[in-house]
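Notes for the one structure printed next.
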Amino acid sequence: MASSFTGRYYPPGTGKAQSVRVGLEGGMLKVSSDNGEFEPIPLSDIELRAGGFQKDRIIIRNKVTGETIACHDKRLLAALKQNTDASHLHNEIGKISKGISIYPVLHFSSWIFALVSLGTAAILLYVGIDGLIDAIADRLPKSFDKKVGEIAFTEISKDERLDQQKKDVQRINKLGKKLLANLDPESYEFEFHVLETTDVNAFALPGGKILVCSELMRQVKNDNELAGVLGHEISHVTRRHTLRQTLHKAGVTASVEALMGNDPNLVGQRLAHLLEIADLSYNRKQEEEADLTGVELLVKSGFPADGLLRFLERLEKLDLSSNNRMLAIFSTHPMPKERIDAMRERLEAIKKAKKK
Amino acid sequence: MYFDVIYPGNSAMLVVKLAEGESFKAEMGAMVSRSQSVQISGQIDGGILRSARRSMFGAEGFFFQNITANGAAGEIRLAPPELGDIKLLDMREGVDYFVQAGAFLAAFGDVQIDTKLQPLAQGFFSGEGVFALHCTGVGAVAVSSFGALAEIEIPDGEIHIVDNGHLVAWSGDLNYSIVKAARSWWHSITTGEGLACSFTGPGTVWIQSRNPSSFFKWMKKVVARK
């Protein structure tokens, strides 16, 4: 035999294989095992097909006797092609060699199935991941918010200058105290701080620390507008929006770590760091929630309900083309028309309720 | 090395006698008893990637146990967790077997174990996962069953249909596809019942007389009643 290939020999009518060597010689298929040689099979008597569950092997059947030989080695196909002129064999070799050659690449239908499955999984993950992280946030104790907020505040204090002007600090605390009087006393321990910066913005850290930029305090026309801003930020804390956004940025793994109670200092440190470096602007739903909850708090506390709306509308009318740091608030607090409309609707409802 | 199945039937056990320095690999946690000289260590068979792939998709442990007789000859006994039989599959050059996830117990000699991707639709719906353990090389592979273990020879071109939950192992030359036993594909997929593997010969299939998930469902009913 010129060259031989490893194969399995199945006697007629059985499914039990014997290990054999398969070769070609003089128009005959020669099969041998450790026990000796089998009767040579004329190539004119054989038929071929691809076998195995991935169609990755050659099945040779003796049409006359019913004996079968299976072989993995696709070089056998080339050898068969060289050793026979039988057109039916050439056709069969052509048919199965394509199937054999694509091994171990998957069949086209499997790739389609894989892509569809992966696409579906990605969509499900995309849709479901927000819900999952929100569910985790809901299960975290309030002490976790406080821990993250404290760590973040310590870090922010290192880089930013806190405004120590008695007047501003007193003003913000006075307004804050009035608003907090109408909150659930079991809520968070709030603190109000003024950041010395030319940005017009305000930010709520998880756990109750609220930072208001000194420039914002100068831009508000009156206490009602400032109370509107504070009510909005307090609502971000009570609804845990900042924590949720941080968890969303941190991903599922960190969220689960937080839930599992893995070293709160370490997890908190990571989340607090993320708070500093990541773009944690709120989403539209969170802004609307904070707007509406803030308005309710304002009304309960005796402030006009439209303080925040008036302030933001005034800022929005500024020249957007100018490099105006007064617009910084919109980078973390987007103000789409729907949000303004929702706030107006709520204010109308409050007015109507008052008239009754 | 000597290995054999003792107590064949419903409580089969595998006994392996090792000369000093001889070793083999087995499924994690399968040891029943061992001589002092027999040492067990974790083994990443075929490298981390291959093991991770096997672990993720083939449902076998990330590591196999590497069992070696150190310093003296020794003996070890192994058993699968479920009640059932053990079969030794003879591995020769060119012969390959696919083993259902969870049925692998041990491998002797120069046997490589890898995962092989099944056609995806079959993998998902067959209940056997996307990958099956693919055993090649020279030696023997021990597989375990839930209940009795039967061998079915399928001659070339003949078709034999096996319920997925009863599948243990099959020879590599068999072609197979998933067929519905229920009246529609939708019914089969949604109920999880009525899916079966249709094997086309030549080759041999080893089946188990009990279906683990059906048994578990039955157990749940019995426990719920009490």
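Within region A:39-57, is there a residue that is in contact with a Ser or Thr (Cβ under 9 Å, 6 or more places away or on another chain), facing chain B (nearest Cβ under 10 Å), assigned to a strand (DSSP E or B) and modelled with pLDDT of 90 or more?
Checked region A:39-57: no residue is in contact with a Ser or Thr (Cβ under 9 Å, 6 or more places away or on another chain), facing chain B (nearest Cβ under 10 Å), assigned to a strand (DSSP E or B) and modelled with pLDDT of 90 or more.
Quick check on this structure: which one of A:80, A:29, A:76 is within 14 Å of chain B (Cβ to nearest Cβ) and surrounded by 19 or more Cβ atoms within 10 Å (Cβ to Cβ)?
A:76
Of the residues that sit in region B:103-129 and are assigned to a loop (DSSP other than H, G, I, E, B) and surrounded by fewer than 21 Cβ atoms within 10 Å (Cβ to Cβ), which one is modelled with the highest pLDDT?
Ranking the qualifying residues of region B:103-129, first place goes to B:119.
Just for region B:61-98: of the residues that are of a type in the set (Val, Ile, Thr) and within 24 Å of residue B:17 (Cβ to Cβ), which one is surrounded by the most Cβ atoms within 10 Å (Cβ to Cβ)?
B:76
Give me the residue from region B:14-29 that is crowded, with 17+ Cβ neighbours inside 10 Å and closer than 18 Å to residue B:146 by Cβ and, out of that set, nearest to the chain's Cα centre (by Cα).
Ranking the qualifying residues of region B:14-29, first place goes to B:27.
How many residues does region B:153-169 contain that are buried (at least 18 other Cβ atoms within 10 Å of the Cβ), among the charged types (D, E, K, R) and closer than 18 Å to residue A:57 by Cα?
Of the residues in region B:153-169, 1 are buried (at least 18 other Cβ atoms within 10 Å of the Cβ), among the charged types (D, E, K, R) and closer than 18 Å to residue A:57 by Cα.
If you go through region A:209-238 one residue at a time, how many are under 23 Å from residue A:310 (Cα atoms) and not in a helix (DSSP H, G or I)?
7
Identify all residues within region A:226-240 that are more than 17 Å from residue A:189 (Cβ to Cβ) and either touching a Pro at 6+ places or on another chain (Cβ under 9 Å) or outside the structural domain of residue A:169 (by TED's automatic domain parsing) (or both); write none if there are none.
Hits for region A:226-240 are A:227, A:228.
Could you look through region A:2-17, keep only residues that are more than 7 Å from every other protein chain (Cβ to nearest Cβ) and part of a loop (DSSP other than H, G, I, E, B), and pick out the one that is nearest to residue A:70 (Cα to Cα)?
A:11
Which ones in region A:314-333 are surrounded by 14 or more Cβ atoms within 10 Å (Cβ to Cβ) and at pLDDT 55 or above?
A:314, A:315, A:329, A:330, A:332, A:333
Could you please let me know if residue A:3 is within 59 Å of the chain's Cα centre (by Cα), closer than 25 Å to residue B:98 by Cα and surrounded by fewer than 16 Cβ atoms within 10 Å (Cβ to Cβ)?
So residue A:3 does not fit the description; no.
Quick one: in region A:58-68, of everything that is outside any strand (DSSP E or B) and among the charged types (D, E, K, R), which residue is farthest from the other protein chains (Cβ to nearest Cβ)?
A:63
Check off (1) more than 31 Å from the chain's Cα centre (by Cα); (2) loosely packed, with under 11 Cβ neighbours inside 10 Å; (3) among the aliphatic types (A, V, I, L, M) for residue A:123 and give me the number that stays unchecked.
Tallying (1) more than 31 Å from the chain's Cα centre (by Cα); (2) loosely packed, with under 11 Cβ neighbours inside 10 Å; (3) among the aliphatic types (A, V, I, L, M), residue A:123 fails exactly one: (1).
What are the residues in region A:145-159 that are crowded, with 21+ Cβ neighbours inside 10 Å and small (Gly, Ala, Ser), if any?
Result: A:149, A:152.
The values are calculated or read from the model by the stated rules, or taken from the named source; none is laboratory data. Predicted, not measured: the structure shown is a model, and the values here were computed from it. Please note: Cβ atoms are built from the backbone with ideal geometry, for glycine as well, and neighbour counts cover all protein chains shown.
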